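S.K.: The structure under discussion is supplied below as structure tokens; questions concerning it will follow.
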Amino acid sequence: MKSVELHNRLTTLLLKSFTFLLIFAFSVSAYSQDVDEARQKEGKKLFKSLCASCHKLDKKLVGPALGGVEERRENDWLKAWIKNNAELRASGDADANEIFDEYKGAAMTAFPQLSDKNIDDLLYYTTVGELKKKAAVADAVATTGSSSEAPGWLIYILAAAIIVAFLMIASLLKQVNELKGNTAPGESSNLKRDLHELWAGLKKNTFLKVLGTIFLLLVGAYFVFGTLFKVGVDQGYQPIQPIAFSHKIHAGDNKIDCQYCHSSAKHSKTSGIPSVNVCMNCHKNISEVADDTVVELEDGVVLGKPELDLEIAKVYTAAGWDADNLEYTGKTAPIKWVRVHNLPDFVYYNHSQHVTVAGLKCQKCHGPVEEMDELYQYSPLTMGWCIDCHKDTKVDLKGNDYYKKIHEDLAKKYNVDQVTIAQLGGKECGKCHY
């Protein structure tokens, strides 16, 4: 009878401990997601669309670095500056005029359409920054899986949870020995014997065996399916190219429009790889880079002027250009660029439909290429990622009478003011698979 009572008490105590830790883990996880993902995601979206062309978090670009700007300026001042910096300067604000003078009168775009919540989310992003490291982009941005950096307070909470778990196990061991009569209440016990008794009780408990098996199966399924879903996802892929071409120098520093080189993106399915003749339009007269030009490669290698001048020489070799006599030799050798973005054969994607009709910027899918010395696949390019974009993107009817009647009918059907791409048919299988 005493053995049965011991077994029942042991089961009850273990279940209480397990339930407490399970509820605690889920509550911490849910809370951390609300803080780490919801506002960070919204703030990042605003930063990328409104600020990234002129600002970076960690260093100056056109404007100052915005990382930790809330520590340097008051929230009300930042809101006034963002909504209408010209009005703030006109009011005689010393800080506003000092910044204006520091950047030689470069006027910042005003954003009066932003609400206080929008600005708070944006400023929150400048504080927490990227929760996912670029080097692990492949597990990310979207999926956007990768190594997530846990907030400091979460580490303390988890440490406290571990301590509580140990205290509960110690209390459980003590109660087990008291029930078995090995020690009197308040007396110390032998740890080795206590652990042996606990293990013996666990081996006899069928319910805990079943629970443990289910838990292991769920964990195994999580990792197996998580691995399978990453097959064919090349986010973060960054091959070594035959020429160290820097998008940061061309699209960023020199402000060359993406479609100058990728001109077919406006008119055809593919964006096109520029021929060496496009390069020669500029480099026929630019045989060397500026003295202070540097390119930082992903593996830590830094290329300076001597190395970059040799990269331009590779372009001359490909074009058959004699830089000494300033004439073409006729001996050409095509540049064997390594493709970075590659969709499966069964997927239909049309650049012109997105660039010309939808008016999307290249950065929407390819990321901030104007900041990349080495180009890499920024987005996952998965089916879920495309569908999510179609769900969120509203149809722009400006100057487009073709969709007007369809839009009015669908707006009534879905009871919305503006129809999304998905509601217009953007989730139909035949749109992308044919």
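S.K.: According to the square roots a ≥ b ≥ c of the eigenvalues of the Cα gyration tensor, what is the shape class of the stretch 312-393, taking rounded for a/c under 1.5, prolate for a/b larger than b/c otherwise, and oblate for the remainder?
M.R.: prolate
S.K.: Right, here's the next one. Express in Å², to the nearest 10, the accessible area of residue 346 obtained by rolling a 1.4 Å probe over the protein heavy atoms while all chains stay in place.
M.R.: 130
S.K.: If you don't mind, there's one more thing I want to ask. Could you tell me the distance between the Cα centroids of the stretch 235-261 and the stretch 53-98, to the nearest Å?
M.R.: When both Cα centres are located, 30 Å separates them.
S.K.: Around residue 351, what is the net charge, scoring Lys/Arg as +1 and Asp/Glu as -1 over all other residues with Cβ under 14 Å from its Cβ?
M.R.: Taking every Cβ under 14 Å from that of residue 351, the sum is +4.
S.K.: Could you give me the ³J(HN,Hα) list for the stretch 78-85, computed from phi with Karplus coefficients 6.51, -1.76, 1.60 and θ = phi - 60°, whole Hz, x at Gly and Pro?
M.R.: Running phi through 6.51 cos²θ - 1.76 cosθ + 1.60 with θ = phi - 60° gives 5, 5, 5, 5, 5, 5, 6, 5 Hz.
S.K.: Right, here's the next one. If contacts are Cα pairs under 8 angstrom and at least 6 residues apart, what is the relative contact order of the stretch 344-434 in percent?
M.R.: 34
S.K.: Residue by residue, what Karplus-based ³J(HN,Hα) values in Hz, rounded to whole numbers, does the stretch 334-350 have, using 6.51, -1.76 and 1.60 with θ = phi - 60° and x for Gly and Pro?
M.R.: Each residue's phi maps through the Karplus curve to give x, 7, 8, 5, 9, 5, 9, 9, 9, 8, x, 5, 7, 9, 9, 9, 10 Hz.
S.K.: So how exposed is residue 41, as accessible area in Å² (1.4 Å probe, rounded to 10)?
M.R.: For residue 41, the solvent-accessible surface is approximately 150 Å².
S.K.: Which listed residue (43, 67, 53) has the Cα farthest towards the positive end of the charge dipole for the stretch 35-83, taking +1 on Lys and Arg C-beta and -1 on Asp and Glu C-beta about the Cα centre?
M.R.: 53
S.K.: Read phi for every residue in the stretch 304-315 and hand back ³J(HN,Hα) as whole Hz from Karplus 6.51 cos²θ - 1.76 cosθ + 1.60, θ = phi - 60°, with x for Gly and Pro.
M.R.: Per residue, the Karplus-derived 3J(HN,Hα) values read x, 4, x, 5, 6, 5, 5, 5, 5, 4, 5, 5 Hz.
S.K.: Cβ neighbours within 10 Å, averaged per peptide: list 286-296, 48-58 in order, most packed at the top.
M.R.: Packing order, densest peptide first, comes out as 48-58, 286-296.
S.K.: I've got another one for you. Skip the ligands, DNA and RNA, and give the accessible area per residue of the stretch 339-433 with a 1.4 Å probe, whole Å².
M.R.: 64
S.K.: Here's a follow-up. Just to be sure I understand the model, the point goes 7 Å from the Cα along the line to the Cβ. What's the resulting residue 84 to residue 291 distance in nm?
M.R.: 4.7
S.K.: Which of the aspartates and glutamates could a cross-linker span from residue 427 if the Cα-Cα distance has to be under 13 Å and same-chain partners fewer than 8 positions apart are dropped?
M.R.: 388, 392
S.K.: Starting from the Cα of residue 255, draw a straight line to each of the aspartates and glutamates and keep only those under 13 Å, dropping any in the same chain fewer than 8 residues away.
M.R.: The reachable aspartates and glutamates, counting only those whose Cα sits under 13 Å from residue 255, are 370, 371.
S.K.: Using amide H atoms built 1.01 Å from N in the peptide plane, name the residues 5+ places from residue 84, or on other chains, whose amide H lies under 5 Å from its own.
M.R.: 111
S.K.: Name the long-range amide H neighbours of residue 289: under 5 Å, sequence gap of 5 or more, or other chain; modelled H, no Pro or chain starts.
M.R.: HN-HN under 5 Å from residue 289: 309.
S.K.: List every residue whose amide H lies under 5 Å from the amide H of residue 321, counting only residues 5 or more places away in sequence or on a different chain, with H placed 1.01 Å from N in the peptide plane.
M.R.: 329
The values are calculated or read from the model by the stated rules, or taken from the named source; none is laboratory data. From a predicted model like this one, the values you see are computed outputs, not experimental measurements. Don't worry about glycine lacking a Cβ; one is built from the backbone with ideal geometry, like all the others, and counts go over all protein chains shown. Note: areas computed on protein heavy atoms with side chains; ligands, DNA, RNA excluded. Shrake-Rupley method; radii C 1.70, N 1.55, O 1.52, S 1.80 Å.
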